[in-house]
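Accompanying notes for the structure given below.
Readers should treat all values here as calculations from the given coordinates under stated rules, not as data from a laboratory. This is a predicted model, so every value here is computed, not measured. Every residue, glycine among them, receives a Cβ derived from its backbone with ideal geometry; neighbour counts consider all protein chains shown.
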Amino acid sequence: MAIHCLSASQENIISATTPNKTAIPYSALKQHLKKNRLLVSPAELHGNLTGQLLANPQLSAGQWRHMILADYGFGEPPSQGLVTALEAFFDMVKSRLQEDDFSFDLLLPEDGALNQRAAALAEWANAFLSGLALGGLKSEKALSDEGREFLRDMAEIARLDEQIDDNQGEEADLMELQEYTRAGVMLLASDLLSGKPVQKPPADRLN
């Protein structure tokens, strides 16, 4: 899937929300995971946890940590520093998903080549969908029509083409997709966590 511009209706969900808290430093977390021999990127880690928490709000930090170590570790006992870092990461992501101040944001590289950042967004989306399944979301019946449509869009974003021209137009399109993904996750949080009426999200799917 190549990068495409969003429709005007898809942009409506973006304009309603803006993250307002300091982001997790991607590069620092990447180095920490590598140092502790976890074969997972920060984008994948964040997408996985976000999906699992939306599908299963009762998930504990310990349960998630054991899954991550089993799936991405080498079977070695984790250092106390890694345990502490993963549990702090868990608590922060869970807190931001539950807040109403639009502080949730995707964890993606701050810089780098455009195709690498597009690949990270695709990786995030794929891990998010996997996290929803791991968390037990077996049916979309709990979602609004708009939420179900957003999940179909996420499947498209998970297939973003890495062969992207590094130009200003594609850069803007990627930023829009990131914002659309972030705002759509907040929509699903409204569907699955709060039970409150949700804002009207995009009427049209991605091309």
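Some observations on this one:
- Potential extension, LYS141-PHE102 segment - 0.36 nm per residue separation minus Cα distance: 11.5 nm
- Within-12-Å neighbourhood charge of PHE128 [Cβ basis; K, R +1; D, E -1]: -2
- The range 50-80 residues near the modelled LYS35 label - backbone nitrogen below 13 Å, point 7 Å along Cα→Cβ: 79-80
- For the range 49-128, the square roots of the Cα gyration tensor eigenvalues, ordered a ≥ b ≥ c, give a/c of at least 1.5 with a/b no greater than b/c, which places it in the oblate category.
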